[in-house]
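A.B. asks: Pasting a structure here, questions to come.
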Amino acid sequence: MGLREINKFLEDKKFIPSKKMGQNFLVNEKIKKMIVSAAKINKNDWVLEIGPGTGAITSILLTYKIKLVAFELDKRLFSLLEKKYSSYNNFFLVNVDALKINWDDQIHIINSKVDNITLVANLPYSISSLLVFKILNSKIINKAIIMVQKEMADRLAAKVNTKDYNAFSALIQLFLDIKKLFLVDSKNFSPPPKVKSTVIEITKKTLDNSLYTIKEIDRINAFFKLSFLNRRKTLINNLAKTINKKLIIDKLKENNLDLNTRAEQLNPITLVKLMKELNFNYD
Ligand code: SAM
């Protein structure tokens, strides 16, 4: 659907886009195609779309003869999509809140053999950080092409020693590679959002399996938050709130790190090494 068709649909159905569900529909054909082509999908691949809306990206995805699973929360849009794509037997639409389900389990209800799936989505921005955590926790998503608010993309992809690099960036970058692909202006949506957007590519890093337990991710999250608690303070001063100061000094010295080091100067791997050496426990 282009801008004219979206507006007609919205008027005919007296459809009021829900702010709560982040309903800003993409209306620029070129951008829809750029998103899909960034996913580099091939015939017969499994693809997951979260929040298909009126089908902006869905219609292009379906031209690839892939197997497409889509999770849409809004019942009104679910009914629209069900009708619109009723002739496709490779389209599996589920009316569900993507935040409340286990994605791998839901996909395995559709086909138990799926072990590799690509996520393509223009997401509601208010839930994008939670969705990134869901990508991290999925064992079958290998790659994601998603649109997020520009500032979120900047934080996710922020390099060490820059103003955007924080505890969240470090945590995500420990597990995922983030690449900013292109900026999208708000005029390409209906209704236009108040913010600019960026399309990003997310791929999984191959890591030591012991890091991938929910408990360990929670521990790393808590340690990173403590390390970045006050950006102006040194790592020692932030960590000393719960860890013995002498132990922190010893470990920094053993790692040849300056005692004035701040968390923003350290990459996620070094932070995790310190967490382990300091026997950090958040309970
Ligand atoms: N992909 C469409 C596009 O590009 O035009 C729609 C994008 S709109 C920004 C976000 C979509 O996600 C809406 O269709 C909205 O109803 C849906 N949505 C919002 N929260 C959701 C959730 N928790 N689970 C599944 N879908 C959700």
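A.B. asks: With respect to the numbered conditions (1) within 16 Å of the ligand (Cβ to nearest atom); (2) polar (S, T, N, Q); (3) out of contact with any strand residue (DSSP E or B) (no Cβ under 6 Å at 6 or more places or on another chain), which one is the sole condition not fulfilled by THR206?
C.D. replies: Here THR206 meets the rest and fails (1).
A.B. asks: Which pairs turn up if I take residues in region 246-262 that are closer than 9 Å to THR234 by Cβ and look for partners that are among the polar types (S, T, N, Q) and crowded, with 16+ Cβ neighbours inside 10 Å with beta carbon separation below 8 Å, at least 6 apart in sequence or on another chain?
C.D. replies: Filtered contacts from region 246-262: LEU259/THR234; ASN260/THR234; THR261/THR234; ARG262/THR234.
A.B. asks: Filter region 92-138 down to the residues that are surrounded by 17 or more Cβ atoms within 10 Å (Cβ to Cβ), within 12 Å of the ligand (Cβ to nearest atom) and of a type outside the set (A, V, I, L, M, F, W, C) and list them by number.
C.D. replies: Those that are surrounded by 17 or more Cβ atoms within 10 Å (Cβ to Cβ), within 12 Å of the ligand (Cβ to nearest atom) and of a type outside the set (A, V, I, L, M, F, W, C): ASN122, PRO124, TYR125, SER128, LYS134.
A.B. asks: Can you tell me which residue is farthest from ALA56 (Cα to Cα) among those in region 79-124 that are assigned to a loop (DSSP other than H, G, I, E, B) and among the polar types (S, T, N, Q)? Step through it out loud before you land on a result.
C.D. replies: At the first step, the residues of region 79-124 found to be assigned to a loop (DSSP other than H, G, I, E, B) are 85-90, 96-102, 111-116, 123-124.
Keeping just the survivors that are among the polar types (S, T, N, Q) gives 86-87, 89-90, 102, 111-112, 116.
On the way: SER86: 16, SER87: 17, ASN89: 19, ASN90: 17, ASN102: 25, ASN111: 25, SER112: 28, ASN116: 24 Å.
It comes out as SER112.
A.B. asks: Also, I was wondering about something else. What residue, among those in region 19-46 that are among the basic types (Lys, Arg) and outside any loop (DSSP other than H, G, I, E, B), is nearest to the ligand (Cβ to nearest atom)?
C.D. replies: LYS32
A.B. asks: Mind listing just one residue for me: the one in region 54-78 that is near the ligand (Cβ under 10 Å from one of its atoms) and part of a strand (DSSP E or B) and, of those, nearest to MET34 (Cα to Cα)?
C.D. replies: From region 54-78, those near the ligand (Cβ under 10 Å from one of its atoms) are 54-58, 70-78; that's our starting set.
Next, from what is left, pick out any that are part of a strand (DSSP E or B): 70-72.
Working: ALA70: 19, PHE71: 21, GLU72: 22 Å.
Here the residue is ALA70.
A.B. asks: Taking GLU49 as the residue in question, decide whether it is near the ligand (Cβ under 9 Å from one of its atoms), touching a residue at least 60 places away in the same chain (Cβ under 8 Å), closer than 24 Å to VAL132 by Cα and of a type in the set (Asp, Glu).
C.D. replies: In short, yes.
A.B. asks: Now for a separate question. Name the single residue, out of those in region 21-35 being surrounded by fewer than 20 Cβ atoms within 10 Å (Cβ to Cβ) and touching a residue at least 12 places away in the same chain (Cβ under 8 Å), that is farthest from PHE182 (Cα to Cα).
C.D. replies: So, considering only residues that are surrounded by fewer than 20 Cβ atoms within 10 Å (Cβ to Cβ) and touching a residue at least 12 places away in the same chain (Cβ under 8 Å), the one farthest from PHE182 (Cα to Cα) is MET21.
Every read-out reported here was derived from the displayed coordinates using simple, explicitly stated rules and does not represent laboratory data. Just so it is clear, the structure is predicted and the values come from calculations on it, not from any experiment. Note that we place each Cβ from the backbone using ideal geometry, even for glycine, and neighbour counts take in every protein chain shown.
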